[in-house]
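Engineer: To start, I am sharing the structure in question, which I have written as structure tokens.
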Amino acid sequence: MARTVSSVSSETIQGDGRPLEQSMFVIPQATRPRPVPPGRPLDDPRLYFNRELSWIDFNWRVLYQALDPRVPLLERVRFLAITSSNLDEFFRKRYGGLKRQEAAGVRQLSPDGRTPTEQLRLIREALRPMYTCMYRLWCEELRPLLAREAGVHVLDYAQLTRAQRRYLARYFEEQIFPVLTPLAVDPGHPFPLISNLSLSLAVLLRHPKQGGEHFARVKVPTDRGRWVPLPQPLHFVPLEEVVRHHLPEVFRGMEVQGAWAFRITRNADVRRAEEEAEDLIAMIAEELRERRFAPVVRMEVERSMPERVRKLLMEELELDPDDLFEVDGPIDLSDCLALAALDLPAFRYEPWEPVIPPALAHEGETQDQRTIFDILRQRDVLVHHPYESFAASVQRFLEEAADDPHVLAIKQTLYRTSSDSPIMKALMRAAEHGKQVAVLVEVKARFDEENNIEWGQQLERAGVHVTYGLVGLKTHAKVTLVVREEDGRLRTYGHIGTGNYNPETARQYADLGLLTGREDIGRDLVNLFHFLTGYAPEQQYEKLLVAPRDLRPALVQLIRQEVRHHQQHGNGRIIAKMNGLDDVGIIQELYRASQAGVRIDLIVRGPCRLRPGLKGYSETIRVLSIVGRFLEHSRVYYFHNNGNPLVYIGSADWMRRNLDDRVEVLVPVEEPRLRQRLIHILQLALEDYRTAWELQPDGRYVLRTPRSEQEAQGFQERLMELARSRART
């Protein structure tokens, strides 16, 4: 069962081989592993955590950042909002997918041996304590702290002065009343379509003369913000409170008996038949329309909502009682992001300004470093965002290529980007300059389909050759190719990264990228884009590992190679950093490697199916999860290789979808200096005793706690310090 957040004293766990005799933070646990008898085959369901429940455990680690008093106050509010936003996506995608399977009568078991119905039950049981914790945290701790320490007051109507109420009456009349659309429900007015994730008020009305009870729905117009500012600085009222208080003006001639907030979530797990589609863009557009009418999978209501109102909503929305979630507080805490963004520096992390990568800091100062291409001819450049500037590295690479008269062609994959993207502007400018520009725009990037279709159309209007993805595959690879004419011959330059070409998230997500002028990687990128934009599936690659054809067998070979090295030399070692681990085939290879004695460290931010530390199966495997100021998004894979390390970075997690259903790219980092830097980054992650959680065999995540002042500095803080140091030298 899930437990409330607590502190467990003097608990001993295994960290890096040292017993940790100290106070340990324990968070509620969603996973429900079962004991594994010795000698079981590696496909035994008891050897695996459930993916969905493991994700819930991850969201608890995010929520813990909001619970942690060491985190600045506004950042705690931000983490609470992120936790809520994560839940919205989980219900739309994962929970909605299981609901669809249940409705279709799917009986296939998950790798941990559970039916869709059983998983849904366990998910609901695990999420209800999270809801309780989130709202208790907001109402009893963060909201009072905002008022007491930061002077930010989020007020209920009962707390307002007469002058404030008069102000809100004028505000309602001028700013809210004209855009409200009250919708009655009666024989002449069918139940209205309620849009996904919209905040509504369920209103009960009574005619003063005719009597009888009537129902209406009022959508709360949050498009312009959730928190209505009062004349006093940093004083706000939730918009739904303003609407609720003025409902008599909306329903003139009726008595308002009560109004209660609610919000629905619709399923986004729509099945598509790409092979049958004649037009991929038209298919995606139709899918987006279908989502508007997709089945409702969750309804959140205020706890005070009467039973008869709940029953009406559930009947009209065809919901089961299990899919109703009660809250004590403002529904949809993701809107707290606006409060977290208030300009109150004393209550936020110290500002971080990414440094210019040292290798690029002196571009243009000498004859042999006039352009970024001059630098890349001499050496590869490894960039680590947000510690190093995206604008001064990857963005500069694209912008210089767009304006360089010697550049003939630019090719790029686009999965997600910002709304006002300088990357897209550079590509359009390059096309307008007469360069050949080709972009694969992935229109199946979940929840970014509309943005990507719009960007694709803008690129086409500028003369860019646009391909809208591959049938049956998502293109998740982050790659760019530049072809330049130099001394009468063509030379290639490239970028292969772990994160999107998005300058906004590059300041929030921790990602790696390799800028290179190596000809062998350049040839591979040429072949890759021939595959992506034309009919050329049987490409051969010298250096790149490309999914779905080559990556899985290459990873299996690398793991098995470590087993052979360990059997011969006793030095087998694997360190892998990723966002999620759920691929059963890869996990079984890791179990076999552990049974052979290979030491394995996995740094997995999100869900993880693998059970570490099981006697006879995974005794030499340790799993850490780092959750901190920046979202850990990079993928780095290290294989000791008997003292000649192999290190790869790229877009692919060890998830089944990445290995089988997507175009992904890993690139080897072979320049010794850069390879050693990546190994050092991995070592710093393993040494984190501030923000790292260690996964136990029973599924608990235990937060490491520092025992010295040196250990009190977390992984990301140490990387910021190193970035400053490198920039100075």
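Engineer: Can you say whether residue 659 is assigned to a helix (DSSP H, G or I), crowded, with 20+ Cβ neighbours inside 10 Å, in contact with a Leu (Cβ under 7 Å, 6 or more places away or on another chain) and not assigned by TED's automatic domain parsing to the domain that holds residue 76, as far as the supplied structure shows?
Structural biologist: It is true that residue 659 is assigned to a helix (DSSP H, G or I), crowded, with 20+ Cβ neighbours inside 10 Å, in contact with a Leu (Cβ under 7 Å, 6 or more places away or on another chain) and not assigned by TED's automatic domain parsing to the domain that holds residue 76.
Engineer: On to the next question. Being out of contact with any Lys or Arg (no Cβ under 6 Å at 6 or more places or on another chain) and buried (at least 22 other Cβ atoms within 10 Å of the Cβ) narrows it down to one of 430, 338, 346, so name that one.
Structural biologist: The unique qualifying residue is 430.
Engineer: Does the range 424-435 include one or more residues that are at pLDDT below 95, within 20 Å of residue 505 (Cβ to Cβ) and small (Gly, Ala, Ser)?
Structural biologist: No: zero hits.
Engineer: Of the residues 595, 561, only one is over 25 Å from the mean Cα position of the chain (by Cα), under 18 Å from residue 616 (Cα atoms) and surrounded by fewer than 20 Cβ atoms within 10 Å (Cβ to Cβ); which?
Structural biologist: Answer to the selection: 595.
Engineer: Can you say whether residue 85 is surrounded by 20 or more Cβ atoms within 10 Å (Cβ to Cβ), at pLDDT 95 or above and on the phi < 0 side of the Ramachandran plot, as far as the supplied structure shows?
Structural biologist: It is false that residue 85 is surrounded by 20 or more Cβ atoms within 10 Å (Cβ to Cβ), at pLDDT 95 or above and on the phi < 0 side of the Ramachandran plot.
Engineer: If you don't mind, another one. Of the conditions (1) surrounded by fewer than 17 Cβ atoms within 10 Å (Cβ to Cβ); (2) modelled with pLDDT of 95 or more; (3) under 30 Å from residue 129 (Cα atoms); (4) not acidic (Asp, Glu), residue 352 satisfies every one except a single condition; which number is it?
Structural biologist: (3)
Engineer: How many residues does the range 497-510 contain that are in contact with a Lys or Arg (Cβ under 7 Å, 6 or more places away or on another chain) and of a type in the set (Val, Ile, Thr)?
Structural biologist: 1
Engineer: Could I ask something else about it? Among the residues of the range 479-488, are any among the small types (Gly, Ala, Ser) and crowded, with 18+ Cβ neighbours inside 10 Å?
Structural biologist: No; the residues of the range 479-488 include none that is among the small types (Gly, Ala, Ser) and crowded, with 18+ Cβ neighbours inside 10 Å.
Engineer: Sticking with this structure for a sec: For residue 114, state whether it is modelled with pLDDT of 95 or more, surrounded by 14 or more Cβ atoms within 10 Å (Cβ to Cβ), on the phi < 0 side of the Ramachandran plot and not in a helix (DSSP H, G or I).
Structural biologist: On the way: modelled with pLDDT of 95 or more: yes; surrounded by 14 or more Cβ atoms within 10 Å (Cβ to Cβ): yes; on the phi < 0 side of the Ramachandran plot: yes; not in a helix (DSSP H, G or I): yes.
So residue 114 passes the test.
Engineer: OK, next. With the condition kept exactly as written, say whether any residue in the range 42-56 is touching a strand residue (DSSP E or B) at 6+ places or on another chain (Cβ under 6 Å) and either modelled with pLDDT of 95 or more or farther than 25 Å from residue 696 by Cβ (or both). Before you say what the answer is, go through the steps one by one.
Structural biologist: Let us first name the residues in the range 42-56 that are touching a strand residue (DSSP E or B) at 6+ places or on another chain (Cβ under 6 Å), namely 54.
Of the ones still in play, those that are also either modelled with pLDDT of 95 or more or farther than 25 Å from residue 696 by Cβ (or both) are 54.
Yes: one or more hits.
The values are calculated or read from the model by the stated rules, or taken from the named source; none is laboratory data. Since we're looking at a predicted model, the values are computed, not measured. Positions of Cβ are generated from backbone atoms using ideal geometry, with glycine treated the same way; all protein chains shown enter the neighbour counts.
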